[in-house]
Amino acid sequence: MLTVFTSVKTCREAVCVSGPSNPSMAATATSGPTRRERARDATTTEIKATARALLVADGPDALTVRAIARTMGLTPAALYRYFAGHEELVTAMCGDVLDEITATLETARDTVALDDPIGRLMVICRAFRAWSLAHPREFQLTFASMIDKPSIVAEAQDDEGIAFGGVFLGVFVEIWAHQPFRVPTEAELSPALLVQLNEFSARTGDRLPTGVLVAYLSGWVRLYGAVTIEVFGHLGFALADPEPMFEAMLADMCRAMSTPVS
């Protein structure tokens, strides 16, 4: 399953065209893509757009190589010249979705001034919910369809691959720098959790104390859980309109991050 820190670098590399191995082609390569490369890129983009349209119309089960090829007027074999298989295509689609969400969150974040980092986090959370409710099929594919399967991309190891999760993490860095708040000490954490948090901290550049990472991950669990439950309609038994409950959750998060260190 794709996670908040899922690499999209792998899917970019999976569909890229290899550079020329012939030195005589170097000048052409440095002057820009060839006509053949542009045509390949255009077809790759069309395949992903067609797949997304099928996803939105009929759900993840509609994403078969045969259905995509039929819609485009191609043979299934022709699609394998662009993607090695179904999994690689889905990986590329998820990478595009993560890029889209990341851009949406960054745009929302930047509507709030830097001197209000908690406000920046709140608009990011609202933007994530709004995007997810407006794109339930894409949300399902990217965040919820691969639970029972191996992850289709490796966990991120560099800044390029963690852009999506980095939006949230970056704002937590801003909040902590602006005003430290009450977080658990390392002595209050179990050894098993502490080891994992230290590994996570190392992978993300050791930007925050361990206790703040607990707050960050706890916040993500609450946000992701609330949005997932709403996207799949699992609050209907109690709430006709889940938004007030969502806002109450955000208010509780604000209070926790506004409690200064004693």
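The values are calculated or read from the model by the stated rules, or taken from the named source; none is laboratory data. What you see is a predicted model, and the numbers here were worked out from it, not measured in a lab. Because the Cβ atoms are built from the backbone with ideal geometry, glycine has one as well, and the counts that use them run over all protein chains shown.
Kindly provide the set of residues from the range 206-229 that are in contact with a helix residue (DSSP H, G or I) (Cβ under 7 Å, 6 or more places away or on another chain) and either surrounded by fewer than 17 Cβ atoms within 10 Å (Cβ to Cβ) or over 18 Å from Phe181 (Cβ atoms) (or both), ordered by number.
Arg207, Arg222, Ala226, Val227, Thr228
Report yes if some residue within the range 123-137 is more than 26 Å from Gly225 (Cβ to Cβ) and surrounded by fewer than 18 Cβ atoms within 10 Å (Cβ to Cβ); otherwise report no.
The answer is no, given that none of the residues of the range 123-137 is more than 26 Å from Gly225 (Cβ to Cβ) and surrounded by fewer than 18 Cβ atoms within 10 Å (Cβ to Cβ).
Let's see how each residue does on (1) more than 19 Å from Leu105 (Cβ to Cβ); (2) modelled with pLDDT under 75; (3) of a type in the set (Phe, Trp, Tyr):
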{"site": "Phe128", "(1), (2), (3)": "no, no, yes"}
{"site": "Ser145", "(1), (2), (3)": "yes, yes, no"}
{"site": "Lys149", "(1), (2), (3)": "yes, yes, no"}
{"site": "Asp159", "(1), (2), (3)": "no, yes, no"}
{"site": "Gly165", "(1), (2), (3)": "no, no, no"}
{"site": "Ile175", "(1), (2), (3)": "no, no, no"}
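Could you grab me the full set of residues in the range 85-103 that are crowded, with 18+ Cβ neighbours inside 10 Å and among the β-branched types (Val, Ile, Thr)?
Selection gives Val90, Thr91, Val97, Ile101.
Count, please, the residues in the range 27-63 that happen to be among the β-branched types (Val, Ile, Thr) and more than 23 Å from Asp99 (Cα to Cα).
Going through the range 27-63 one residue at a time, the tally reaches 3.
What residue, among those in the range 185-205 that are surrounded by 16 or more Cβ atoms within 10 Å (Cβ to Cβ) and not in a helix (DSSP H, G or I), is farthest from the chain's Cα centre (by Cα)?
Only one residue fits best here, namely Leu189.
Quick one: is Leu208 modelled with pLDDT under 95, closer than 24 Å to Asp116 by Cβ, aliphatic (A, V, I, L, M) and not in a helix (DSSP H, G or I)?
Taking the combined requirement at face value, the residue satisfies it.
Under 8 Å between Cβ atoms, at least 6 apart or on separate chains: pull out the pairs that start in the range 237-261 with a residue that is of a type in the set (Ser, Thr, Tyr) and end on any residue that is part of a helix (DSSP H, G or I).
Ser258/Ile118
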